[in-house]
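Note sheet for the following structure.
The values are calculated or read from the model by the stated rules, or taken from the named source; none is laboratory data. The model shown is predicted, which means the values in this text are computed figures rather than measured ones. As a convention, Cβ positions derive from the backbone with ideal geometry for all residues, glycine included, and neighbour counts pool all protein chains shown.
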Amino acid sequence: MLQGMVKAHPQLISLLPKTQVVVRTQAKEKGKVAVISGGGSGHEPAHAGFVGKGLLDAAIAGSVFAAPSFNDVLAALKHCGNPGGVLFVVKNYTGDRMLFDMATEEASSMGIPTRQIVVADDVAIAEVSKRRGVAGTIFVHKIAGAAAEMGKSLDEVHALAERASISIRSMGIALTPCTIPGNPKPNFDLAEDEIEFGIGIHGEAGIRREKIRPVRHLVEKILSHIFSDLPLEACDEVVVLVNGMGATPIMELYIAFQNVVEMLASKKITVYRSFVGEFMTSLDMAGFSITLFKVDEELKTLLDYPCHAPAWIQPFS
């Protein structure tokens, strides 16, 4: 898979020899903060699809739904590490956190300054410390990558990425479960007339199961969870992401998006940018997630900063 990706986009990304580390092909400014992320495979185009100028400098891929190897993280550190420092963008899963904690210790011994951002945008889980990092993570990649490309310091890049992270909320549903390669059965059973509400991106079952309802009802329930957790007022601006889970037709994602926009308009909340498509998937799961990202002028500037990566379509102004 990784070899195919870099062959498809040789002007943007390349693969470090004998690793599962994808790095940007374009030369970067000397001393620029390096932004590194990664995680299990099966979420494509995340994470390698967001490697490129103005986004990630490197992405480390593990096996399907498994944390990457420590040796690959070291390879990424040695390739990207510089006196400007490294920012790790980490989704809030135990394996990923342990891995990047070890990488932070190793970077310290190598004399490379580091910071971490742990993304936990999934409002399906009430306890904030246990929330998973899901599709909203790509916006943290974008903000951190733009800040680094602008030449900001490690502390500045970290602060802006953190500001973005605390302004992002996501939640998803599944119409069908996913099946991990090599497993004879999917991760959970779901009847044809049921949906799983509040699913994770590793094929986890959600917080509850319900009878399937029209998409407007589903969007309303997701947004009610997000609205109760993300302070939004009339005239606030948000970025909207309707993310397919891997096996949902794009026409259905646009139908969901239409309902999101109508509900935001009813609250007089302005949509600044829109993203509809597959950004962080779960193999062959059918379903979608909704992400709202509350933005201010500085975050908008970073979001719109030019970038070049296989899976990022820069919106027109």
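Descriptive notes on the structure:
- The residue that is surrounded by the most Cβ atoms within 10 Å (Cβ to Cβ), counting only those in segment 144-157 that are more than 21 Å from the chain's Cα centre (by Cα) and within 16 Å of residue 112 (Cα to Cα), is 153.
- Looking only at segment 243-281, and only at residues there that are among the polar types (S, T, N, Q) and out of contact with any Asp or Glu (no Cβ under 9 Å at 6 or more places or on another chain), the one that is surrounded by the fewest Cβ atoms within 10 Å (Cβ to Cβ): 266
Per-residue answers, yes or no, for (1) in contact with a strand residue (DSSP E or B) (Cβ under 7 Å, 6 or more places away or on another chain); (2) crowded, with 17+ Cβ neighbours inside 10 Å; (3) at pLDDT below 95; (4) over 21 Å from residue 162 (Cβ atoms):
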residue: 20; (1), (2), (3), (4): yes, yes, no, yes
residue: 26; (1), (2), (3), (4): yes, no, yes, yes
residue: 31; (1), (2), (3), (4): no, no, yes, yes
residue: 63; (1), (2), (3), (4): yes, no, no, yes
residue: 100; (1), (2), (3), (4): yes, yes, no, no
residue: 103; (1), (2), (3), (4): yes, yes, no, no
residue: 115; (1), (2), (3), (4): yes, yes, no, no
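- Annotation for segment 253-273: no member residue is polar (S, T, N, Q) and under 19 Å from residue 165 (Cα atoms).
- Residues located in segment 94-148, provided they are over 22 Å from residue 77 (Cβ atoms), out of contact with any Phe, Trp or Tyr (no Cβ under 7 Å at 6 or more places or on another chain) and assigned to a loop (DSSP other than H, G, I, E, B): 120, 121, 123, 124, 125, 126, 127, 131, 134
- Positions within segment 153-175 being part of a helix (DSSP H, G or I) and of a type outside the set (Gly, Ala, Ser), in sequence order: 154, 155, 156, 157, 158, 160, 162, 163
Quick grid of which residues meet (1) of a type in the set (Gly, Ala, Ser); (2) assigned to a loop (DSSP other than H, G, I, E, B):
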{"residue": "5", "(1), (2)": "no, no"}
{"residue": "26", "(1), (2)": "no, yes"}
{"residue": "49", "(1), (2)": "yes, no"}
{"residue": "63", "(1), (2)": "yes, no"}
{"residue": "67", "(1), (2)": "yes, yes"}
{"residue": "73", "(1), (2)": "no, no"}
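- Residue in segment 39-48 that is surrounded by fewer than 24 Cβ atoms within 10 Å (Cβ to Cβ), modelled with pLDDT of 95 or more and in contact with a strand residue (DSSP E or B) (Cβ under 8 Å, 6 or more places away or on another chain) present: yes
- Any hit, segment 92-103, residues being touching a residue at least 60 places away in the same chain (Cβ under 8 Å) and either closer than 24 Å to residue 307 by Cβ or of a type in the set (Val, Ile, Thr) (or both): no
So that you can scan it fast, the table gives a plain yes or no per residue for (1) buried (at least 22 other Cβ atoms within 10 Å of the Cβ); (2) in contact with a Lys or Arg (Cβ under 6 Å, 6 or more places away or on another chain); (3) farther than 24 Å from residue 43 by Cβ:
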residue: 159; (1), (2), (3): no, no, yes
residue: 185; (1), (2), (3): no, no, no
residue: 188; (1), (2), (3): no, no, no
residue: 197; (1), (2), (3): no, yes, no
residue: 201; (1), (2), (3): yes, no, no
residue: 211; (1), (2), (3): no, no, yes
residue: 218; (1), (2), (3): no, no, no
residue: 223; (1), (2), (3): no, no, no
residue: 229; (1), (2), (3): no, yes, no
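- Any chance residue 286 is touching a residue at least 60 places away in the same chain (Cβ under 8 Å) and closer than 20 Å to residue 213 by Cβ: yes
- Here the strands (runs of 3 or more DSSP E) wholly within segment 199-308 that include at least 2 residues being farther than 26 Å from residue 147 by Cβ are 208-211, 286-295.
- Evaluating residue 83 against the criteria (1) in contact with a helix residue (DSSP H, G or I) (Cβ under 7 Å, 6 or more places away or on another chain); (2) part of a loop (DSSP other than H, G, I, E, B) leaves one unmet condition, (1).
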